[in-house]
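Below you'll find the structure, written out as structure tokens, and then a few comments.
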Amino acid sequence: MAQKEEAAAAAAPASQNGEDLENLEDPEKLKELIELPPFEIVTGERLPVNFFKFQFRNVEYSSGRNKTFLCYVVEAQSKGGQVQATRGYLEDEHAAAHAEEAFFNTIMPTFDPALRYIVTWYVSSSPCAACADRIIKTLNKTKNLRLLILVGRLFMWEEPEIQAALRMLKEAGCKLRIMKPQDFEYVWQNFVEQEEGESKAFEPWEDIQENFLYYEEKLADILK
């Protein structure tokens, strides 16, 4: 199976946001892409529709998807039981670091040690080995954090290193799940830019259920 970020990192950069490769024929567009900084973390509340449709699609062969998109919900619970929720999304640029790392570096420093946090990630694909290691270390030292990761695709799931990393995530208390069609719809409604004044209904792609079942079986085999 061809996978997302790793094999495609050297591919044409215009493919990473779901842009048409024909854009590379535009000298100005190509110049703009070449002059992008080596690394940038993009944050926001809602991502563009074309980014979602391309990056989150749970295809079996994911060549060209060389970015990680991470939508998050952070629920902070006080001792009195009051819950305050925040949400947003992160994306990484040019594979110098990943969105999982960006969450710990940019969002988590605002956490109050006196509160209990339940964090849910909706990620375009599962963590690489390095990000899994960072997640494990963070969970081990942050006892007031619970993390659920829902992924659209499995990243390099055939590799023994990745399989071991996913099992270690489970052992560290991180809950892992493949995104169901209903989860994609949730992301569409809560994290994707909508037409002004009204929300457009989510339109599932043809093989969304089939691909969910495919990845669900693979993850179950890895974690058993």
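The values are calculated or read from the model by the stated rules, or taken from the named source; none is laboratory data. Not measured: the values here are computed from a predicted model. In this analysis, Cβ positions are derived from the backbone assuming ideal geometry, glycine residues included, and neighbour counts consider all displayed protein chains. Just so you know, the surface numbers come from the protein's heavy atoms only, side chains and all, with ligands and any DNA or RNA stripped out. Shrake-Rupley method; radii C 1.70, N 1.55, O 1.52, S 1.80 Å.
A few remarks follow.
- Solvent exposure of segment 98-224, expressed per residue, is 51 Å² of accessible area, with all protein chains present and a 1.4 angstrom probe.
- Each of ILE208, TYR186, LEU145 was placed along the dipole of segment 125-214 (beta-carbon charges, centred on the mean Cα), and the one lying farthest toward the positive end is LEU145.
- Around VAL119: net Lys/Arg minus Asp/Glu count, Cβ-Cβ under 12 Å: +2
- Taking label positions 7 Å along the Cα-Cβ direction at both ASP133 and GLU203, the computed distance is 4.4 nm, reported to one decimal.
- Pairs with C-alpha atoms separated by more than 20 Å, drawn from the list LYS67/LYS224; LYS53/LYS218; LYS137/LYS224; LYS79/LYS143, are LYS67/LYS224; LYS53/LYS218; LYS137/LYS224.
- Whether segment 85-224 is rounded, prolate or oblate, judged on the alpha carbon gyration tensor where a/c under 1.5 counts as rounded: oblate
- All other residues whose Cβ lies under 12 angstrom from that of TYR214 are scored, Lys and Arg at +1 and Asp and Glu at -1, for a net of -4.
- Packing-based ranking, highest mean first, of 215-221, 200-206, 105-111 given that Cβ atoms within 10 Å are counted: 215-221, 105-111, 200-206
- Trypsin sites (Lys or Arg not before Pro) within segment 78-177, DSSP loop, no more than 13 other Cβ atoms inside 10 Å: LYS79, LYS143
- Cut-off 12 Å between beta-carbons: net charge of the residues surrounding ASN140, Lys and Arg +1, Asp and Glu -1: +2
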